[in-house]
């Protein structure tokens, strides 16, 4: 948040909105002066916290605020993409390397995890959609190449281990199509259990990612930083893939 | 202190060096250049997988380099998401 609050400040030549984001984004969804900004913050908060709870009403509210379909899609995909970056940054443990005018707040590990949806709340993947990723030129292809790299290699992690992670993330985000695709990939041994635990924290409590995450994977038998990074990067990528799928399916339902 | 190894530009070789060089050619607005002059930390965080790095940041260029959302609107999305996920970076 430190870097992007700074970029937001720089883009507006004003720090008021950036300070409000750092202080309390939920309040901003109600109080931002610009209706498009209010709608964006409301939409992105939902995409980040519970994409499975989105519905036609959210799409309608965004439209009424002046955001067209392409803008709503842009916000959904961009926010889902940042879900990956946020999690990688915290798991690897990088330092903020920009000079910032607004100090970011530190993570609070005691924050309760994001909610996991009951099965009956999962959006129907077969419902006709109003927003498709293909409406954004190049996005489907770029995402497919990333997905192939994340899920279809045999090293360092095996395809089976990748599938275990993908299934665990999909279950926690209410991604019915993802769970169906990796239906066989339930954990069967200790390392696979550790990969599910990784997927759990990555998806639902990114503020808990850190040194302990790495130690747990080492203990479970992942050998070396390259393999550990691979496991984390598969999980973080899957949050992006499943989040986009779920959000776009959910936005189409009553 | 990072929890996993990070290979920066000066320590890089082979495929990773090539990827860093290629990413340097991307048009990066001044606001996005860290003062240390190297690749931003979030790019370096991907250094253990030189194939993944361009896939991830190619997607970024696609999303952050053009509309319909304006630059401030894109950064509002990015900052809000990062704040909710409690990502310090």
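Just so you know, all these numbers are worked out from the coordinates, no wet-lab data involved. Keep in mind it's a predicted model, so treat the numbers as computed, not measured. Here the Cβ positions follow ideal geometry from the backbone for every residue, glycine too, while neighbour counts run over all protein chains shown.
The alpha carbons of the stretch A:32-156 occupy a box of 47, 40, 34 Å along the principal axes, longest dimension given first. Based on the reciprocal of the average 1/r between different C-alpha atoms, the Kirkwood radius for the stretch A:123-254 equals 15.3 Å.
Legend: mean number of C-beta atoms from other chains within 10 angstrom of residue C-beta atoms, peptide B:58-66, equals 6. Fully extending the segment from residue A:126 to residue A:152 would add 6.9 nm, taking 0.36 nm per residue of separation and subtracting the current Cα-Cα distance. Packing order of peptides B:3-13, A:208-218, highest average first: A:208-218, B:3-13 (average count of other Cβ atoms within 10 Å over each peptide's residues).
How crowded by other chains is A:97-110, given as the mean number of beta carbons from other chains within 10 Å of each beta carbon?
3
With respect to chain A, whose longest principal axis is taken over its alpha-carbon atoms, helix A:190-204 is tilted by about 0°. A Förster radius of 51 Å combined with the Cβ-Cβ distance from residue A:63 to residue A:223 puts the calculated FRET efficiency at roughly 0.50.
Highest mean packing comes first when the peptides A:90-96, B:73-79, A:134-140, B:62-68 are listed by Cβ atoms within 10 Å, giving B:73-79, A:90-96, B:62-68, A:134-140. Against chain B, whose longest principal axis is taken from its Cα atoms, helix B:52-64 shows a tilt of about 20°.
The C-alpha atoms of chain B define a longest principal axis, and helix B:71-84 lies at about 70 degrees to it. Distance between the C-alpha centres of the stretch B:1-66 and the stretch A:155-197: 28 Å, rounded to the whole angstrom. Take the alpha carbon gyration tensor of chain A, find the square roots of its eigenvalues, order them as a ≥ b ≥ c, and report rounded if a/c is under 1.5; if not, report prolate when a/b exceeds b/c, else oblate. It comes out oblate by the Cα gyration axes.
Taking 0.36 nm per residue of separation and subtracting the current Cα-Cα distance, fully stretching the chain between residue A:31 and residue A:189 would add 51.9 nm. Legend: mean number of C-beta atoms from other chains within 10 angstrom of residue C-beta atoms, peptide A:5-14, equals 6. Modelled label positions at residue B:51 and residue B:7, each set 7 Å beyond Cα in the direction of Cβ, lie 1.4 nm from each other.
Exposure proxy shown here: for A:141, A:197, A:154, the number of other Cβ atoms within 10 Å sets the order, fewest to most, as A:154, A:141, A:197. Relative protection proxy for A:229-240, A:182-193, from highest mean packing down: A:229-240, A:182-193 (other beta-carbon atoms within 10 angstrom).
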